[in-house]
Amino acid sequence: MIGCDKKDGDWEAVKIDRSEIEFSSDGGSVVITTSNYTSWWIGDIQEKIGNAPFHYVTSDDFTMVEGEWYKIEVPTESENHVFITISPNTTSIVRELSIHMTVGDTGATIKIRQQ
């Protein structure tokens, strides 16, 4: 049996190298790293396009979520990273993502914005 040695409420805040990323309309990729945990997973995602309200994106897979214009993945060989790929935006509408990464009872939010 595998267990955690952290008690509820006794988790150090997740340290990440970047929490906000702006992409041009060309799209691209970025890797975000947590420096104080060896693994994390995708907790939830909120997506917003233009003036529409945010809506939640759900998935049964906590290591990869693929939307129409993005892919978010925690690779098994490097579980303290999250790879984010954004497709080109061929419209004039701004797209946004709010990705909440989770570790035990704590987490971090990564905000993405694409022109």
Radius 9 Å from Cβ of L97, net charge of other residues (Lys, Arg +1; Asp, Glu -1): +2
Amide H contacts under 5 Å for G27, placed H, 5+ residues apart: N89
FRET efficiency for S19 and S39, using Cβ-Cβ distance with R0 set to 25 Å, rounded to 0.05: 0.85
Note, ³J(HN,Hα) from phi for segment 26-41, Karplus 6.51, -1.76, 1.60, rounded to Hz, x at Gly and Pro: 6, x, x, 9, 8, 10, 10, 10, 8, 8, 10, 9, 8, 7, 7, 9
Residue-wise HN-Hα coupling along segment 10-22, computed from phi with Karplus coefficients 6.51, -1.76, 1.60 (Hz; x: Gly, Pro): 10, 9, 5, 4, 6, 9, 10, 7, 8, 10, 9, 10, 10
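Read the figures in this text as sums done on the coordinates, not as results from a lab. Not measured: the values here are computed from a predicted model. Virtual Cβ from ideal backbone geometry, glycine too; neighbours counted across all protein chains shown.
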